[in-house]
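Chemist: My questions all concern the structure below.
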Amino acid sequence: MSVGRDPVDAMPSYDDPLARAETVRLRAETRLAGTIADFFLDADARLDDRTRLMLAHVLDAIVGSIEWDIRRHAARSLAGNGSTKAGEAILKAGAGGVVDRLTRAGLLRDEELMDELIARVRHDLIAASLPVEVAEPDEASLLVRLAGVPDSIVASAASALLAAESRRRVANEQGVVGGSELPAELHHRLVWWVAAAIRDGLRHATRESDRAITDAAQRSLAAHDEGERPDAVAMRLAGALDARPNELAAVLVESIGDRRLSLFVAVLAHALGIAFDQARAITLEPEGDRLWLALRALDMDRPTIARIGLALSEADPRRDIEAFADALDAIVAVGVEDARASIAPLALNRDFRMALRALARTGRR
């Protein structure tokens, strides 16, 4: 992953030693500033090596997939209009350096984009590390059983989630991303950034090449279907299941036991009436406080909370299992209504939440 590092071809040649020396000096200053910032980061704010590596891989793969789609379609369009050389230029100019270009421009520091990608990476790593708990040795997993129920809506959603999670797992293992799997707004933003970086890499941009790149970007936008993301599919399944209060604990515990973290998050979100990303955020928090309050708001009992907490603690090294055990009595003692009041802000409109967060940051300056 080359995030934060200039591409090699951006370095002036030795034919211009002054320019090369100045570039190296600036790089050294930037490197020092980054090292100092990293040293003073709190331990809980620093990404561990496994998360950092997978985040780099996912970001490279998503940007690379969008870049290739735009380059290929734009080149084909130009070649079809007789501009073969212009098409070849789009295929070759700055190929592979788009992530670096976007990084130098500061665009990939976008808070919403990185929040989504970090959450996705942590979600996938924790899901893969959850301990498997099988109620009956010969019984199929929850999701497989749901895919075979008579209710066609539930069965269809369960089958779709099996397929979506399988695609993501293969992508994570093989380093290939078939699509950005980003929410529509973030995908829209990233597509135009990539298109601009491709255009910026051309030595001689023309009206025709600009039109071809624009058309290719719009094609990428039109082809994006956020409803096929595992998160969206899991929410459809949770809605189709619509677990009753007396069923909820079993579904949540079995989802965790089957390593189906997306389904756990979706069922939790559906039961609380909040968005998937909000439920995912509180599930991934290492402290777990908001998750325990959310579970109490759903009137989950001590054994249910304990099993969920233990499974997440085994999967996520950031969690303090001893602190959780010490706090369990206090967690269970929280009244249902008090718990509901404490997590009520999670149900606020997303844009409203973002505005309140922005105002809070401004007030702290």
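The values are calculated or read from the model by the stated rules, or taken from the named source; none is laboratory data. Remember, it's a predicted structure, so these values are computed and weren't measured experimentally. A quick note on method: Cβ atoms are made from the backbone with ideal geometry, for glycine too, and the neighbour counts reach across all protein chains shown. The area values use the complete protein model at the heavy-atom level, side chains included, leaving out ligands, DNA and RNA. Shrake-Rupley method; radii C 1.70, N 1.55, O 1.52, S 1.80 Å.
Chemist: Before anything else, pin down the relative contact order of the chain: Cα pairs under 8 Å, at least 6 apart, normalised by residue count, whole percent. Please list the in-between numbers first.
Modeler: Values: 367 pairs, mean separation 66.9, N = 365.
Relative contact order here is 18 percent.
Chemist: Also, quick follow-up: Once phi is turned into ³J(HN,Hα) by the Karplus curve 6.51 cos²θ - 1.76 cosθ + 1.60 with θ = phi - 60°, what whole-Hz value does each residue of segment 304-314 show in order, with x for glycine and proline?
Modeler: So the J values, rounded to whole Hz, are 5, 5, 5, 5, 5, x, 5, 4, 5, 5, 5.
Chemist: From the phi of every residue in segment 231-242, what ³J(HN,Hα) in whole Hz does the Karplus formula 6.51 cos²θ - 1.76 cosθ + 1.60 yield, where θ is phi - 60° and glycine or proline is x?
Modeler: 3J(HN,Hα) across segment 231-242, in whole Hz: 4, 5, 5, 4, 5, 5, 5, 4, x, 5, 5, 6.
Chemist: I've got another one for you. Just add up the charged neighbours of residue 110: K/R +1, D/E -1, any other residue whose Cβ is under 13 Å from the Cβ of residue 110.
Modeler: Numbers: positive: 109, 189; negative: 111, 112, 115, 116, 185.
Once all neighbours under 13 Å are counted, the net charge is -3.
Chemist: Return a whole-number percent for the relative contact order of segment 208-311, with Cα pairs under 8 Å and 6 or more residues apart as the contact set. Kindly include the intermediate steps, with their values, before the conclusion.
Modeler: Values: 65 pairs, mean separation 24.2, N = 104.
Worked out over segment 208-311, it gives 23 percent.
Chemist: Can you grab the distance from the C-alpha centre of segment 200-248 to the C-alpha centre of segment 138-157, Å, no decimals?
Modeler: Using only Cα atoms to place each centre, the spacing works out to 27 Å.
Chemist: What is the Cα coordinate range of segment 25-77 on the first, second and third principal axes, sorted by size from largest, in whole angstrom?
Modeler: Principal-axis extents of the Cα atoms in segment 25-77, largest first: 50, 31, 12 Å.
Chemist: Moving on to the next point. With an 8 Å Cα cut-off and a minimum separation of 6 or more residues, compute the relative contact order for segment 95-235 in percent.
Modeler: Result for segment 95-235 is 27 percent.
Chemist: Tell me the accessible surface of residue 123 in square angstrom (1.4 angstrom probe, heavy atoms of protein chains only), to the nearest ten.
Modeler: The accessible area of residue 123 comes to roughly 10 Å².
Chemist: If you consider only alpha-carbon coordinates, what radius of gyration and Dmax does the chain have, in Å?
Modeler: Rg then Dmax for the chain, in Å: 23.7, 75.
Chemist: With all pairs of different alpha carbon atoms counted, what Kirkwood hydrodynamic radius in Å does segment 24-173 show? Write down the numbers at each step before the final one.
Modeler: Values: mean 1/r = 0.0506 Å⁻¹.
About 19.8 Å, per the Kirkwood formula over Cα pairs.
Chemist: Just to confirm a number: summing +1 for Lys and Arg and -1 for Asp and Glu over residues other than residue 350 whose beta-carbon lies under 11 angstrom from that of residue 350, what do you get?
Modeler: On the way: positive: 353, 357; negative: 112, 185, 277, 351.
Charge balance in the 11 Å sphere: -2.
Chemist: What do you reckon, how do 109, 27, 260 stack up by accessible area (1.4 Å probe), largest on top?
Modeler: Working: 109 200, 27 65, 260 40 Å².
Per-residue accessible area, sorted high to low, gives 109, 27, 260.
Chemist: Rounded to a whole number, what % of the accessible area of the chain do carbon and sulfur atoms account for, probe 1.4 Å?
Modeler: Numbers: 10780 of 19740 Å².
That fraction is 55 percent.
Chemist: What number comes out for the charge environment of residue 263, summing +1 per Lys or Arg and -1 per Asp or Glu over other residues with Cβ under 15 Å away? Write out the running numbers ahead of the final one.
Modeler: Values: positive: 145, 168, 169, 229, 236, 259, 260, 280; negative: 124, 133, 165, 231, 242, 247, 254, 258.
That sum, taken over residues with Cβ under 15 Å, equals 0.
Chemist: Order these peptides, 143-156, 304-317, by their mean beta-carbon neighbour count within 10 angstrom, highest first.
Modeler: Details: 143-156: 14.6, 304-317: 18.9.
Per-residue Cβ counts within 10 Å, averaged per peptide and sorted highest first, yield 304-317, 143-156.
Chemist: Per residue, how much accessible surface does the chain expose to a 1.4 Å probe? Answer in Å², no decimals. Spell out each step's value before the answer.
Modeler: Working: 19740 Å² over 365 residues.
It amounts to 54 Å² per residue over the chain.
Chemist: Which shape class, rounded, prolate or oblate, goes with segment 220-309 when its Cα gyration tensor gives a ≥ b ≥ c as root eigenvalues, a/c under 1.5 marks rounded, and past that a/b bigger than b/c marks prolate? Please report the intermediate quantities before stating the final value.
Modeler: Numbers: a/c = 2.17, a/b = 1.71, b/c = 1.27.
Verdict is prolate for segment 220-309.
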